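The values are calculated or read from the model by the stated rules, or taken from the named source; none is laboratory data. Computed from a predicted model, the values in this text were never measured in an experiment. Cβ coordinates were reconstructed from backbone atoms using ideal geometry, including for glycine residues, and neighbour counts include every protein chain displayed. Remember, those area values only see protein heavy atoms, side chains included, never the ligands or the DNA or RNA. Shrake-Rupley method; radii C 1.70, N 1.55, O 1.52, S 1.80 Å.
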Amino acid sequence: MLRRPIYTIFLMLVAGLAIVSVLLAYELNSSRPRRAGEIKLAGLQSPLTVRFDRFGIPDISAASRRDAAFALGFVTAGDRLFQMDLIRRKSGGRLAEIFGEAALENDIRQRHLDIEAAAQRIVDALPLAQRESLEAYALGVNAYLEQTANLPPEFILLQYEPARWTARDSILVVLSMFQLLSWSESEERLLSVMHECLPQPVTSFLTPDTDGYTKVLTGGPDSARPVQAIPVRELAAVLEHNRTLETSVRVGPADEHIGSNNWAVNSRKTLDGSAMLANDMHLPVSVPNIWYRATMRYAGLQISGLNLPGVPSIVAGSNGHVAWGFTNFMADVMDLPKLTIHPDHTDRYWTSSGWRKLESIPQSIRVKGAAPLSLDVKISLWGPVWRETLLGQPVAIRWTALDPAAVDLALMELDRVRSIEEGISLLNRAGAPPQNVLLADDRGNIAWSLMGRIPRRVEGFDGSMSRSWAQKSNAWIGFLDPDELPRIINPPSGFLATANSRNVGRDYPHVLGHNFAHGYRTFRISEALEKMHSVTEMDLFRLQLDTKTDFYEFYRTLASGLLTTRIVTRNPVLADLKREIDAWDGFARVDSRGLPFLAAFRTLLAERVFGPILKSCASMDPAFEYNWYELETPLRQLLNSQIPDTLPDSRFDSWNHFLLAILEESAGKVTSEHSLATFQNFTWGEFRDIPISHPLSPALPWLAELLDMPNQRFDGCAFCIRVMSRQLSASERFVISPGRPERGILHMPGGQSGHLLSSHYADQHPYWAKGLAMPYRSEQADTVLRLVP
C-alpha cells in the first residue's frame, strides 16, 4: 500500500528537479550577452556597429570617441562584468561585502589608503575630454546592466547585484594597476631597517642595482648602487653578533617580480624595411585574463590592442601609424615620511611649520555575515598614515597614485599620434605607473623613453629610506619635467629592448629607482636581436617563446663541483642527481631534466646564506623581508669567494661542508615534496604547478574544473624570455608593424569572455598555452551588433 505514494513522491521530486534545472539553465543562458541584432540604448548619441570575430573580439565603428567609449563599456560589461566589479571592490576596499571576513585584510589595507577619496579627486582634476570619455564608458556599462535579463553566474552564486558604474570606478581600476606595478612599501622598509641595524658597507653590498648581465641604454656605464667588494670584516662581525638570535628571516623570492619584455626593431633590421614592436607583459594570470582585446574606429581614427576592463582606452597596441608597448620601469614613486607624534596629543604631528592636527576620516567596512568594522583613518600633510609602524614610528604614504597631478588617462590621446616623436611627447606627460615605453611607427622608426610622473626630490634626498619630512631637506618638489626624461630614437644597433633591469646610468642627473630586475632577460633578448637580420613578425614571436637560460649554469657548476666521486658513490640518490644535472640541456622546457634541482638549490642557498646575516633586521622589524631583486649579485660573490670569515653557519668548519649540506637538503626537499625515489628523468614540467584559476574556484573547488583553465605543463621560467612561473606569466604576447595589422600576432590566456557558458571563455587559451600565433586583428565579422539611440 505504501509503494504507490513513495513512487509518486519520487516522480514529483524528479519532475521538480527537472523543472529547477530547466529554469536554472534558462536563467544562466539568458545571462549571456547579446552579440547580434539591434539594441536601443539610452545615452548613445549616434547609431554604431560592433562586429565580433570568431573569438568574440569586438571591432567598434562609431561616429565619435565618446560613442566608441560608450560601446566599449557596453560590450566589456557583457563579457567581464564580474571581473570589473571585483577589481573596483578590491581597489576600494569593499570585497568583504561579498566574501565576508576572508577578504577583510584587503579591505582594511585599502581603506587605510583612503583610495576611494583619492580616486574621486583624480576624476575631478581630469581634463574635460578624459572625463567625458569616462562618463560615456560608465553610461555604456550601466546601459548593459539595465537591459540584461539576468546577471552572470558569479552574482547568482554570491547573491548580490552590482552597483551602477561611475567614472570613479574606472579610476579605481587604474589605481589597482598602479598598486600592482609601483607599490614599494616593503622596499623602503627593507632599506630603512638595514640602515638601522647593519653596518653601511654590508647594506651597500646586499643591495646593488647591477649584475653581470646589466645593459644600460643611456646615462653611462656606472651605477648609483654599484657592486661592492665583500665587506669581510663587517660581515664577520654581523654574523658573530647574530649567532644567538633565534629569529627567522624571509628571503625572496627575487624572481617573482612584476615585469615584462618589449623590444623594437627599425627598418635596418626587417625584411621589408618596416619597424616592428614586440611586447609581452608579465602579470598574475587568472580567469578571465587581465586584458580585453578590442578595436575602435571613429572620426577617421582607429586604435586596436589591449584594453584594461573598466577603463575606456587601449593600453598597448597600435593606431595604424604608431605602435607602443610597455615594461615596468620600477621607479621609486613612493616614500614613507616619518611622523613625530605629539607626546600629549596623539592626533598632532610635527611639520616644518610646527604642530599640525591629523585629519580623521571614519570608515565603516561592511562584512558579509558579520557586524561592520569601524576604522579611523588618519591623513597627514604628506598622505595617509600607514597602518604599520616602521621601526616603531608612524609613517605616512606619499605615493604618486594618490596624487591627482600624477594620474590621468592620457593614453586615450594615442589615437591621434602620427610619429614616434609625437608619441614620446604625449607619453612623457602621461600620468601612469612608471614604464619603459617602446614605440615603432609606419616610417620604419623606433624609440624608447619613460612614461609616468617621477618625483623630483630635494637634492641629497634619494627617497630610498624613510626620513622625517618635517625638515625641508627631505621632500618632493613636484615632478621631473617631461622633457627631462631620457629618450633614444633609432640607435645604431637598429633595435631597442627592455625587460625591467636597470637601463639608466649614474650620469643621468636624477635617481629614478633603486631596485631593478636581474639583467639576464634583457641580455638574452639583446644577444638574439644583434644576430638577427631580415626580421619578420614571426621571427620576433618565436623569440618571445625562447626558453634558453644561462642563468642557472652557475648553479650547475657549483653543484657539480660538490658532487665528487666520493660523495656520489656513497649516495645513489645524489649519483642520479649528478647524472640529471649533467644531462640538463640549458633550456627551461617541459622535458628539461636537472633544472628542477638547480632552481630548488638556488632558492635554499639564498635562504641559508642571507638568513644569518639578516637576523637582527628581522628581530628589529617583524615585517622585514629580504626581497631585493638583485640579491643574485652578492649571493654569487659570496659563493665564488667562500671566504672563511663569511661562512654563514658556525656549525660547519668550511664552506664546502656548508654547501654540501644545503645541496643534500635541497635534494631531500625535492624528493620529499614530489614523492620521488630517484631524480632519474624528473622533468621541469613535473616540478612546477602553474594553476590559472578563477577567483571563485578556491571557495568552490567542486566547480574548479569548469571555472579554471586546464592543468597543463608549460615551457619557460622566471629567468627566460618566455617567463612562466607560479605567480607571473606573459599575460599576452603581441608583435605588430604599424599599418600592417594583417601580419600582426596577438595571443593571451583564457578567452575574451568571463562568462562560463560562453564559447569564448577559453577559446584563445590553446594558442597561448602551446605558443601558437593568433591574428593581431581580424577583419572578418562572425556576428554584427547594431546599437542605436
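Tally the residues that are farther than 19 Å from LEU706 by Cα and at pLDDT 95 or above, restricting the search to the range 769-780.
Residues flagged as farther than 19 Å from LEU706 by Cα and at pLDDT 95 or above within the range 769-780 amount to 7.
Kindly evaluate VAL590 against the criterion of being within 25 Å of GLU673 (Cα to Cα), β-branched (Val, Ile, Thr) and in contact with a strand residue (DSSP E or B) (Cβ under 7 Å, 6 or more places away or on another chain).
In short, yes.
Closer than 23 Å to LYS338 by Cα, open to solvent by less than 30 Å² (accessible area, probe 1.4 Å) and in contact (Cβ under 8 Å) with a residue 60 or more places away in the chain: which single residue out of GLY513, GLY519 fits that description?
So the residue among GLY513, GLY519 that is closer than 23 Å to LYS338 by Cα, open to solvent by less than 30 Å² (accessible area, probe 1.4 Å) and in contact (Cβ under 8 Å) with a residue 60 or more places away in the chain is GLY513.
Scan SER61, SER46 and give me the residue that is in contact with a helix residue (DSSP H, G or I) (Cβ under 9 Å, 6 or more places away or on another chain), assigned to a loop (DSSP other than H, G, I, E, B) and among the hydroxyl-bearing types (Ser, Thr, Tyr).
Only one candidate passes the filter, namely SER46.
Any chance you could count how many residues in the range 404-425 are surrounded by fewer than 21 Cβ atoms within 10 Å (Cβ to Cβ), among the hydrophobic types (A, V, I, L, M, F, W, C) and in contact with a strand residue (DSSP E or B) (Cβ under 6 Å, 6 or more places away or on another chain)?
Summing the residues that are surrounded by fewer than 21 Cβ atoms within 10 Å (Cβ to Cβ), among the hydrophobic types (A, V, I, L, M, F, W, C) and in contact with a strand residue (DSSP E or B) (Cβ under 6 Å, 6 or more places away or on another chain) in the range 404-425 gives 1.
Could you please find all residues in the range 502-552 being part of a helix (DSSP H, G or I), more than 30 Å from PRO741 (Cα to Cα) and among the aromatic types (Phe, Trp, Tyr)?
TYR520, PHE551, TYR552
If you check ILE122 against the conditions, is it over 19 Å from HIS755 (Cα atoms), β-branched (Val, Ile, Thr) and crowded, with 23+ Cβ neighbours inside 10 Å?
yes
For GLU240, only one of the following conditions fails: (1) crowded, with 20+ Cβ neighbours inside 10 Å; (2) of a type in the set (D, E, K, R); (3) without any contact (Cβ under 8 Å) to a residue 12 or more places away in the chain. What is its number?
Result: GLU240 fails condition (1) only.
Any chance you could count how many residues in the range 350-403 are within 29 Å of CYS197 (Cβ to Cβ), hydroxyl-bearing (Ser, Thr, Tyr) and open to solvent by less than 50 Å² (accessible area, probe 1.4 Å)?
2
Can you spot a residue in the range 479-498 that is touching a residue at least 60 places away in the same chain (Cβ under 8 Å), acidic (Asp, Glu), open to solvent by 20 Å² or more (accessible area, probe 1.4 Å) and closer than 20 Å to ALA224 by Cβ?
The answer is no, given that none of the residues of the range 479-498 is touching a residue at least 60 places away in the same chain (Cβ under 8 Å), acidic (Asp, Glu), open to solvent by 20 Å² or more (accessible area, probe 1.4 Å) and closer than 20 Å to ALA224 by Cβ.
Quick check on ILE643: is it over 25 Å from ASP582 (Cβ atoms), open to solvent by 20 Å² or more (accessible area, probe 1.4 Å) and among the β-branched types (Val, Ile, Thr)?
Yes: the conditions hold for ILE643.
Would you mind stating whether GLU705 is of a type in the set (D, E, K, R) and without any contact (Cβ under 8 Å) to a residue 12 or more places away in the chain?
Yes.
Show the residue pairs that are 6+ apart or on different chains and have beta-carbon atoms under 8 Å apart, the first residue being within the range 352-367 and touching a residue at least 24 places away in the same chain (Cβ under 8 Å), the second being open to solvent by 70 Å² or more (accessible area, probe 1.4 Å) and assigned to a strand (DSSP E or B).
ARG356/ARG348; ARG356/TRP350; LEU358/ARG348; ILE361/ASP376; GLN363/SER374; GLN363/ASP376; ILE365/SER374
Does ARG4 satisfy the criteria of being open to solvent by 30 Å² or more (accessible area, probe 1.4 Å) and either at pLDDT 95 or above or more than 25 Å from GLY73 (Cα to Cα) (or both)?
Criteria met by ARG4.
May I ask you to list pairs of residues, at least six apart or on different chains, whose Cβ atoms are under 6 Å apart, with the first in the range 406-431 being closer than 19 Å to TYR298 by Cβ and of a type in the set (Asp, Glu) and the second being open to solvent by 10 Å² or more (accessible area, probe 1.4 Å) and at pLDDT 95 or above?
From the range 406-431, the pairs are GLU413/LEU426; ASP415/LEU301.
Please enumerate the residues belonging to the range 197-236 that are open to solvent by 50 Å² or more (accessible area, probe 1.4 Å), touching a helix residue (DSSP H, G or I) at 6+ places or on another chain (Cβ under 9 Å) and under 30 Å from ASP403 (Cα atoms).
If the condition is that a residue be open to solvent by 50 Å² or more (accessible area, probe 1.4 Å), touching a helix residue (DSSP H, G or I) at 6+ places or on another chain (Cβ under 9 Å) and under 30 Å from ASP403 (Cα atoms), then no residue fits.
If you go through the range 259-298 one residue at a time, how many are open to solvent by 10 Å² or more (accessible area, probe 1.4 Å), of a type in the set (A, V, I, L, M, F, W, C) and over 25 Å from ASP79 (Cβ atoms)?
1
Does GLU196 fit the bill of being of a type in the set (D, E, K, R) and touching a residue at least 40 places away in the same chain (Cβ under 8 Å)?
yes
Count, please, the residues in the range 621-640 that happen to be out of contact with any strand residue (DSSP E or B) (no Cβ under 9 Å at 6 or more places or on another chain) and either of a type in the set (Ser, Thr, Tyr) or surrounded by fewer than 17 Cβ atoms within 10 Å (Cβ to Cβ) (or both).
5
Under 8 Å by Cβ, and 6 or more places apart or on different chains, what pairs join a residue from the range 432-450 that is within 15 Å of ILE736 (Cβ to Cβ) with one that is surrounded by fewer than 24 Cβ atoms within 10 Å (Cβ to Cβ) and modelled with pLDDT under 95?
If the second residue must be surrounded by fewer than 24 Cβ atoms within 10 Å (Cβ to Cβ) and modelled with pLDDT under 95, the pairs left are ASP442/GLY739.
Answer with yes or no whether ARG164 is open to solvent by 40 Å² or more (accessible area, probe 1.4 Å) and either at pLDDT 95 or above or outside any helix (DSSP H, G or I) (or both).
Yes.
Would you check which residues across the range 746-768 are in contact with a Phe, Trp or Tyr (Cβ under 7 Å, 6 or more places away or on another chain) and either crowded, with 23+ Cβ neighbours inside 10 Å or within 28 Å of ASP550 (Cα to Cα) (or both) and list them?
Selection gives LEU746, HIS747, MET748, PRO749, GLY751, GLN752, SER753, GLY754, HIS755, GLN764.
Would it be correct to say that ASP79 is surrounded by 24 or more Cβ atoms within 10 Å (Cβ to Cβ) and either at pLDDT below 95 or closer than 18 Å to GLN363 by Cβ (or both)?
It is false that ASP79 is surrounded by 24 or more Cβ atoms within 10 Å (Cβ to Cβ) and either at pLDDT below 95 or closer than 18 Å to GLN363 by Cβ (or both).
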